[in-house]
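These notes are about the structure you will find just below.
The values are calculated or read from the model by the stated rules, or taken from the named source; none is laboratory data. What you see is a predicted model, and the numbers here were worked out from it, not measured in a lab. In this analysis, Cβ positions are derived from the backbone assuming ideal geometry, glycine residues included, and neighbour counts consider all displayed protein chains.
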Amino acid sequence: MAITGGAGFLGSHLCERFLLEGYRVICVDNFLTGSVANVEHLMAEDGFRLMRADVSQHLSVPGGLEAVLHFASPASPSDYLRLPIDTLRVGSNGTFNALELAREKGARFVLASTSETYGDPLVHPQPESYWGNVNPIGPRGVYDEAKRFAEAMTMAYRRAHDVDTAILRIFNTFGPRMRPFDGRAIPTFVRQALLGEPITVSGDGSQTRSICYVDDLVEGIVRLFNSNLDGPINIGNPHEVSMLALAEWIKELTGSSSEIAFIPRPQDDPTVRRPDITLARTRLGWEPRVPIEEGLRRTIAWFEEHSPLWSAQDQADLATTAL
């Protein structure tokens, strides 16, 4: 199977899991936001191959393929705000190239979409049937609309070319291998807490997210891949928490003396976010198993272990707003 964006946070965990499942894995990445370090421990595996390529330009893989998992895309707000054109191109051209590869090989295609397709939702929690409330011309629109277009393209290939496709909508996921300066809430809060810096919460911190530990997400993806469902299907943890409560929780778990500091809230920042996972429960027999506090403890431990490796390049990714 080919996994685009395989050297990223989620992609690297998928490479690891599918190798354990006995698949030969081709990890495709251009390292715009991914890192060789995320998959370095897999290099010695006979079934693993790392291929540097920009899927927005071209995607060609020799031999047969059972699956194409399209996970390539900047995903954190700080990434897609500084890389708006790249984000739109990977959602459009990249999705087209990945679908063409799946069509050529007769492979199952799995698209990593996002809860951001729901925008700032007017329906709560969000079922897959909800069409969303997205600002297409706002700064976040480059990511939201790239993923919405990718979903439309995926369904077009299913209808026009009979490609075996599946769409999953990923809700906020966290765990080891997140970049400490990528601007997302959990790595930002953990990094700040460990360094004793002010923990920056946007607005008054009342906006919510539903956070899912990466192992649970990967299990959901594996089950979707092995099913005959086409989706879209929500994969996320319904455990909803405010940003202020999350910051205070991480401060407590790290034993930090950091203060909570409030910063301006960014434009179009969603007010609430929680998945309706009825479909995943009933059709995939999936629901999250890792308690949030256990996931946070594992993530904090990973950050503590890797904090000496935080580099100047990491710091170049620093975003002043945690989302």
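Summed over the stretch 1-34, the residues that are free of Cβ contacts under 8 Å to residues at least 60 places away in the same chain and of a type in the set (G, A, S) give a count of 3. In the set V123, V142, V110, only one residue is assigned by TED's automatic domain parsing to the domain that holds L69, surrounded by fewer than 24 Cβ atoms within 10 Å (Cβ to Cβ) and under 18 Å from the mean Cα position of the chain (by Cα); that residue is V142. Taking the listed residues T271, T299, T282, T320, the one that is at pLDDT 95 or above and in a loop (DSSP other than H, G, I, E, B) is T271, with no other qualifying. Would you point out the residue of the stretch 201-212, among those that are of a type in the set (S, T, Y) and over 16 Å from S76 (Cα atoms), that is surrounded by the fewest Cβ atoms within 10 Å (Cβ to Cβ)? Within the stretch 201-212, the match that is surrounded by the fewest Cβ atoms within 10 Å (Cβ to Cβ) is S206.
Yes/no per residue for (1) touching a Gly at 6+ places or on another chain (Cβ under 6 Å); (2) surrounded by fewer than 18 Cβ atoms within 10 Å (Cβ to Cβ):
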{"residue": "R184", "(1), (2)": "no, no"}
{"residue": "T188", "(1), (2)": "no, no"}
{"residue": "L194", "(1), (2)": "no, no"}
{"residue": "L224", "(1), (2)": "no, no"}
{"residue": "P238", "(1), (2)": "no, yes"}
{"residue": "E248", "(1), (2)": "no, yes"}
{"residue": "T254", "(1), (2)": "no, no"}
{"residue": "S258", "(1), (2)": "yes, no"}
{"residue": "F262", "(1), (2)": "no, yes"}
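Among the criteria (1) under 20 Å from the mean Cα position of the chain (by Cα); (2) within 18 Å of P180 (Cβ to Cβ), the one V218 does not fulfil is (2). From the list F171, F181, the one residue that fits, being in contact with an Asp or Glu (Cβ under 6 Å, 6 or more places away or on another chain), of a type in the set (F, W, Y) and closer than 19 Å to L10 by Cβ, is F181.
For first residues located in the stretch 68-80 and in the same structural domain as L101 (by TED's automatic domain parsing) and buried (at least 24 other Cβ atoms within 10 Å of the Cβ), partners that are of a type in the set (F, W, Y) and not in a strand (DSSP E or B) and lie 6+ apart or on another chain with Cβ distances below 7 Å form the pairs P74/Y80; Y80/Y143.
Considering the stretch 156-263, the qualifying helices (runs of 4 or more DSSP H), each wholly inside and each with 2 or more residues that are under 21 Å from H70 (Cβ atoms) and touching a residue at least 60 places away in the same chain (Cβ under 8 Å), run over 214-225.
For (1) of a type in the set (D, E, K, R); (2) over 17 Å from T117 (Cβ atoms); (3) out of contact with any strand residue (DSSP E or B) (no Cβ under 8 Å at 6 or more places or on another chain), each residue gets a yes or a no:
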{"residue": "A152", "(1), (2), (3)": "no, no, yes"}
{"residue": "A160", "(1), (2), (3)": "no, yes, yes"}
{"residue": "A166", "(1), (2), (3)": "no, no, no"}
{"residue": "N172", "(1), (2), (3)": "no, no, no"}
{"residue": "D182", "(1), (2), (3)": "yes, yes, yes"}
{"residue": "F189", "(1), (2), (3)": "no, yes, no"}
{"residue": "V201", "(1), (2), (3)": "no, yes, no"}
{"residue": "D204", "(1), (2), (3)": "yes, yes, no"}
{"residue": "S210", "(1), (2), (3)": "no, no, no"}
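Selection of the stretch 71-88 for residues being out of contact with any Phe, Trp or Tyr (no Cβ under 7 Å at 6 or more places or on another chain) and under 16 Å from T117 (Cβ atoms) yields F71, S73, A75, P77, L88.
So, of the residues in the stretch 30-59 that are surrounded by 12 or more Cβ atoms within 10 Å (Cβ to Cβ) and small (G, A, S), which turns out to be nearest to the chain's Cα centre (by Cα)? Ranking the candidates gives G34 first. Of all residues in the stretch 167-186, none satisfies being farther than 23 Å from R273 by Cβ and either of a type outside the set (A, V, I, L, M, F, W, C) or modelled with pLDDT of 95 or more (or both).
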